[in-house]
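All remarks here apply to the structure that follows.
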Amino acid sequence: MRHSLVLVINSGSSSLKFALIDAVSGDARLTGLGECFGLSDASVSWKYDGEKSSFALEATGNHHQQAIDRLVLLLDELGLKQDIIAIGHRVVHGGERFSETVKIDDQVLAEIEALSELAPLHNPAHVIGIRAAISAFPYLPQYAVFDTAFHQSMPAKAYRYALPEKLYQDFGIRRYGFHGTSHFFVSLEAAKLLGKPAEKTNVITVHLGNGASICAVRNGQSVDTSMGFTPTAGLMMGTRCGDLDPGIVDFLINKGWSQAEVQQALNKEAGFLGVSGLTSDCRGIVEAMEAGHAGAKLAFEIFTYRVAKYIASYMVALDELDAIVFTGGIGENSLPVRSEVLKYLKIFGYREDATGNANARFGEKGVITKPNTPMAMVIPTNEEWVIARESMALLHA
Ligand code: ADP
């Protein structure tokens with residue numbers, strides 16, 4: 001039986017992730033990653049039918065194009081190429097221009113490129129990946145799915161900073177928010193679990209991965225989120241600092257730090273890594289904390305305290321709250337993180353159900369609070385599936 005497949009591409013500056021998604025079941029038939037682009041050891045690895053393989057790219061040249069060309073050969077060898085009906089690209093920044101998924105044409109591509117000013121690390125890389133995909137699959141419709149789109153429903157009081165209006169008008173300085181596909185997906189899945197229509201569902205979605213953000217979802221729409229003008233804002237993350245007194249940047253520059261050094265410290269050397277001095281990985285933090293490492297303990301405490309503070313503050317954005325929804329690598333798997341966050345929320349009536357918390361791991365969803373208390377749940381995210389589904393929806397529109 002033939003299947004309809006959507007190729008999902010997430011092109012980064014030195015990497016390219018791909019997944020071939022069955023448009024009906026949502027299953028990933030093939031997943032892969034090209035990495036070390038720009039270096040002599042660039043390669044592409046993939047997983048198909050439980051088997052892993054990899055392929056070295058040429059030492060030099062356009063690695064995005066090489067990776068996609070190799071992918072085309074692979075899809076041909078596996079007999080999957082002719083079943084692909086669309087390509088969906090993850091695009092980090094859609095600015096105020098894109099509040100939903102769009103079909104990519106020359107105009108859209110130019111607009112994504114123009115938004116590079118707001119996402120200098122991401123949008124230029126997406127454009128390279130999109131161009132490579134168009135040259136490899138010129139006959140297929142291609143769609144852009146934006147991380148920022150879900151948050152375009154935020155009211156001005158949530159998205160505007162208390163800065164001179166001119167900065168918003170001249171430069172578009174405002175809160176955009178990211179991880180939109182994930183917040184959108186888990187809010188829909190939460191609605192299903194709650195047995196409510198999405199447009200009547202009110203949840204606080206808590207995406208905790210290497211990057212982390214929280215979103216207040218009111219009647220199915222994002223009304224506030226913790227990442228801001230850039231993905232550095234909000235929660236503490238693997239290597240990002242999250243919210244910070246802007247005076248600290250000033251102070252360091254006055255101390256003679258360059259802008260690049262400050263950026264490096266805030267984005268790559270902060271968070272779990274910076275506070276613990278050990279690792280950016282939550283598992284490593286928890287293990288070290290349990291072994292008595294003081295830095296790891298402090299990192300865990302700052303992280304969980306801040307998550308709980310954000311959840312509490314987002315209650316003012318909602319008239320009612322059906323559930324707190326944990327997702328992302330940490331949110332889906334880390335019992336101690338979820339347990340600690342719920343302890344901080346005791347004043348609101350949250351009570352952990354230890355069995356529920358222990359069961360909702362490794363891809364299992366479930367409620368993690370006791371019956372007849374305010375509800376928290378775990379729902380594994382699936383951003384590739386959202387990208388495939390959004391692409392399919394437009395294809396059939
Ligand atoms: P990304 O933002 O890069 O997509 P992920 O969503 O994959 O990141 O999350 C990565 C984080 O999830 C890491 O901090 C990792 O330690 C954490 N994580 C993954 N599995 C577990 C686990 N079993 N227990 C605790 N933390 C986990």
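The values are calculated or read from the model by the stated rules, or taken from the named source; none is laboratory data. On a predicted model such as this, the values are computed, not experimentally measured, just so you know. Note: ideal-geometry Cβ built from the backbone for every residue, glycine included; neighbour counts use all protein chains shown.
Figures for the structure shown
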quantity: Any chance residue 35 is charged (D, E, K, R), surrounded by 17 or more Cβ atoms within 10 Å (Cβ to Cβ) and more than 11 Å from residue 71 (Cβ to Cβ); calculated: yes
quantity: Test: residue in region 206-225 that is of a type outside the set (Ser, Thr, Tyr), surrounded by fewer than 19 Cβ atoms within 10 Å (Cβ to Cβ) and within 15 Å of the ligand (Cβ to nearest atom); calculated: yes
quantity: Filtered residues of region 315-332 (kept if of a type in the set (Gly, Ala, Ser) and within 11 Å of the ligand (Cβ to nearest atom)); calculated: 328, 329, 331
quantity: Qualifying residue in region 342-360 (condition: part of a helix (DSSP H, G or I) and among the charged types (D, E, K, R)); calculated: yes
quantity: Selected residue (only one of 278, 321, 244, 298 is modelled with pLDDT of 95 or more and buried (at least 19 other Cβ atoms within 10 Å of the Cβ)); calculated: 321
quantity: Condition met for residue 278 (part of a loop (DSSP other than H, G, I, E, B), over 20 Å from the mean Cα position of the chain (by Cα) and away from the ligand (no atom under 13 Å from the Cβ)); calculated: no
quantity: Unmet requirement for residue 305, which otherwise passes all of (1) over 30 Å from residue 102 (Cα atoms); (2) within 16 Å of the ligand (Cβ to nearest atom); (3) assigned to a helix (DSSP H, G or I); calculated: (2)
quantity: Cross-chain or 6+ apart pairs with Cβ under 6 Å, region 29-56 first and of a type in the set (D, E, K, R), then crowded, with 18+ Cβ neighbours inside 10 Å and not in a strand (DSSP E or B); calculated: 35/15
quantity: Matching entry among 176, 159 (being surrounded by 19 or more Cβ atoms within 10 Å (Cβ to Cβ), closer than 28 Å to residue 330 by Cα and over 18 Å from the mean Cα position of the chain (by Cα)); calculated: 159
quantity: Enumeration of residues in region 123-155 that are assigned to a helix (DSSP H, G or I) and either among the polar types (S, T, N, Q) or more than 23 Å from residue 382 (Cβ to Cβ) (or both); calculated: 123, 124, 127, 128, 131, 132, 134, 135, 136, 152, 153
quantity: Filtered residue count, region 314-335, keeping only those that are without any contact (Cβ under 8 Å) to a residue 24 or more places away in the chain and either touching an Asp or Glu at 6+ places or on another chain (Cβ under 8 Å) or farther than 17 Å from residue 349 by Cβ (or both); calculated: 0
quantity: Test set (1) surrounded by 15 or more Cβ atoms within 10 Å (Cβ to Cβ); (2) within 16 Å of the ligand (Cβ to nearest atom) - residue 291 fails condition number; calculated: (1)
